[in-house]
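The structure appears right after this line, and notes come after that.
Quick note: the coordinates plus some simple rules give every number you see, no bench work behind them. What you are looking at is a predicted structure, and each value in this text was computed from that prediction instead of being measured. Glycine also receives a Cβ, built like all others from the backbone with ideal geometry; neighbour counts cover every protein chain displayed.
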Amino acid sequence: MHEVEVVVIGAGQAGLAAAYHLQRTGFEPGRDAVVLDHSPGPGGAWQFRWPSLTFGKVHGMHALPGMELAGADPARPSAEVVREYFDRYERTFDLRVRRPVDVRAVREGSGGRLLVETSDGTWATRALINATGTWDRPFWPRYPGQETFRGRQLHTAQYTGPERFTGQRVVVVGGGASATQHLLELAPYAAATTWVTRRPPVFRDGPFDQEAGRAAVALVEDRVRQGLPPRSVVSVTGLPLNDAIRQGLADGVLDRQPMFDRITPDGVEWRDGRRVDADVILWATGFRAALDHLAPLRLREPGGGIRVEGTRAVADPRIHLVGYGPSASTVGANRAGRAAVRDIRRLLAQDPVAA
C-alpha cells in the first residue's frame with residue numbers, strides 16, 4: 001500500500017498538464033503525487049497514431065504548460081514528434097511517471113481516502129485526477145448482418161496507413177476529421193472508396209475565432225453538467241474546409257452517402273435496395289471516455305455520463321476529470337489540469353485529516 005496526496009491516472013496531454021501544476025504548487029513527484037500511465041512509453045494516445053498522419057496534418061496541437069513545442073518538422077509522423085516532446089517534457093520537469101501501470105479499479109477506502117488498485121500495487125490517495133482520455137475505448141456501432149461480412153473490419157484505432165488497402169474496395173463510416181483524412185489518403189491506393197455518415201457533414205469555412213470556440217465548448221459543457229455522455233468539441237465545430245478537403249470534394253472522394261441499413265457478406269445495403277460491394281469496412285466512428293475503473297464509485301448518472309462542474313465530479317469532490325467533455329482538446333486539457341489542481345489544493349486545505 002502506497003499513500004500519497006494525489007494520484008493522476010494517465011500521462012497524455014491532460015495528465016502531464018495536471019502533473020506540472022501539482023509540482024509547481026508544492027506536491028513533490030513520487031512522494032506527494034504520483035502519475036500512473038498504462039502506455040509503454042511517453043506520448044499518450046499520440047504514440048499510437050498512424051505513420052501517415054504527419055505533424056503538418058494535425059489540427060491544433062497546443063503546447064504543454066511551461067515548454068513550447070518549437071521547430072517540429074511538419075513532414076514527420078505526429079506520433080514521433082509528440083512522443084519525443086512528451087518524453088522531453090517528463091524529463092525536464094522530473095515528473096517521474098510510473099509505467100506501464102494498469103489501473104484496475106478505484107474504490108472507497110478508509111479515513112476519507114480512495115484506493116486505486118493497479119498492477120503496481122494499491123495507492124491510497126486523498127484526491128484523484130482522472131486523465132485517461134478515450135483512445136482505449138474505440139466505439140464500434142452495431143448493424144444488422146455485421147457478423148456475416150466476409151471482408152475485413154477495423155477501427156481508426158487500428159489504422160496504420162493506406163498501403164494495406166491497395167486494390168481494395170473500402171467503405172469508410174464516420175463524419176469526423178479522421179474519416180476525411182482516411183478517405184483522402186486511401187483514394188490513390190484503393191480500388192474504390194465509399195463514404196457514409198449518419199448525418200450530412202457540416203463544413204466550416206473561414207477562421208474559427210474565440211467566440212465560436214467558446215460557444216462550442218459551452219455546448220459540450222452543458223451536457224456534462226446534466227450527466228450526459230459528452231460529445232467531442234470537434235463534433236459541434238464542424239469540419240474545417242481547407243485546401244485538401246476542397247480538392248477531395250471536387251474530385252468526388254468526399255461524396256458522402258447516407259448511412260446504410262444493413263451489412264451483407266459482400267458489402268453494405270440500403271433499404272431501397274442499393275448496394276455497394278466492399279472488401280473492408282473502416283469504422284471512423286470515434287471513441288468513448290475510458291472510465292470503467294471508476295465504476296465501483298457509482299459516479300454515473302441515469303443519462304449515462306458523469307456529472308461534472310468544471311473538472312470536479314459532482315458526486316465526489318475528491319475526483320476530477322480532465323481531458324473529459326469540454327476539456328477534450330489540447331488547450332482545454334492544459335486549462336483543466338490547472339483548474340483541477342487549484343480545486344484539489346483548496347479541498348485538502350479544508351480537510352482536517354489532510355491538514
*In a Debye calculation with equal point scatterers on the alpha-carbon sites of the chain and no solvent, what is log10 I(q)/I(0) at q = 0.09 Å⁻¹?*
-0.54
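Starting from the exponent 0.38 and prefactor 2.2 Å, build the expected Rg for region 94-207 from its residue count and divide its actual Cα Rg by it.
So the Cα radius of gyration is 1.59 times the expected 2.2 N^0.38 Å.
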*Once both axes come from the Cα atoms, what is the angle between helix 210-225 and the longest principal axis of the chain, in degrees from 0 to 90, rounded to 10?*
70 degrees
*For region 114-171, report the convex hull volume of the alpha-carbon atoms normalised per residue, in Å³, without decimals.*
165 Å³
*Of Ala191, Tyr143, Ile129, which is farthest on the positive side of the dipole of region 95-195, counting Cα position, with +1 on Lys and Arg Cβ, -1 on Asp and Glu Cβ, and the Cα centre as origin?*
Ile129
*Mean residue ellipticity at 222 nm from the helices of the chain, using -39,500 (n - 2.57) per DSSP H segment of n ≥ 4 over the full residue count, to the nearest 500 deg cm²/dmol?*
-8000 deg cm²/dmol
*With the dipole of the chain worked out from charges on the C-beta (+1 for Lys and Arg, -1 for Asp and Glu) around the Cα centre, which of Ala349, Ile263, Thr54 lies farthest toward the positive end?*
Ala349
*Could you give the spread of the C-alpha atoms of region 238-317 along their three principal axes, from largest to smallest, in whole angstroms?*
52, 37, 21
*Report, in degrees rounded to the nearest 10, the 0 to 90 angle that the Cα long axis of helix 78-92 makes with the longest principal axis of the chain.*
10 degrees
*Please list the non-local residues whose amide H lies under 5 Å from the amide H of His2, H modeled 1.01 Å from N, same-chain partners needing a gap of 5 or more.*
Thr122, Trp123, Ala124
*Linear extension gain, Thr148 paired with Ala75, 0.36 nm per residue minus alpha-carbon span*: 22.3 nm
*Pull up all non-local amide H partners of Phe287: gap of 5 or more, or a different chain, and H-to-H distance under 5 Å with H placed in the peptide plane.*
Phe139
*List the chymotrypsin sites (Phe, Trp or Tyr not before Pro) within region 282-332 that fall in a DSSP loop (any state other than H, G, I, E or B) and whose Cβ has at most 15 other Cβ atoms within 10 Å.*
none
*Would you mind classifying region 285-327 by shape? Square roots of the alpha carbon gyration tensor eigenvalues, ordered a ≥ b ≥ c; an a/c under 1.5 is rounded, otherwise it is prolate if a/b is larger than b/c and oblate if not.*
oblate
_Using the Cα centre of the chain as origin and beta-carbon charges of +1 (Lys, Arg) and -1 (Asp, Glu), tell me which of Ala177, Pro240, Gly337 is placed farthest towards the positive end of the dipole._
Gly337
*How about region 137-185: which trypsin sites (Lys or Arg not before Pro) there are in a DSSP loop, with at most 14 other Cβ atoms within 10 Å of their Cβ?*
Arg142, Arg150
*Write out the trypsin sites (Lys or Arg not before Pro) in region 1-86 meeting two conditions: DSSP loop, and at most 13 other Cβ atoms within 10 Å of their Cβ.*
Arg31
*Quick one: Leu347, Leu128, fewest Cβ neighbours within 10 Å first, how do they rank?*
Leu347, Leu128
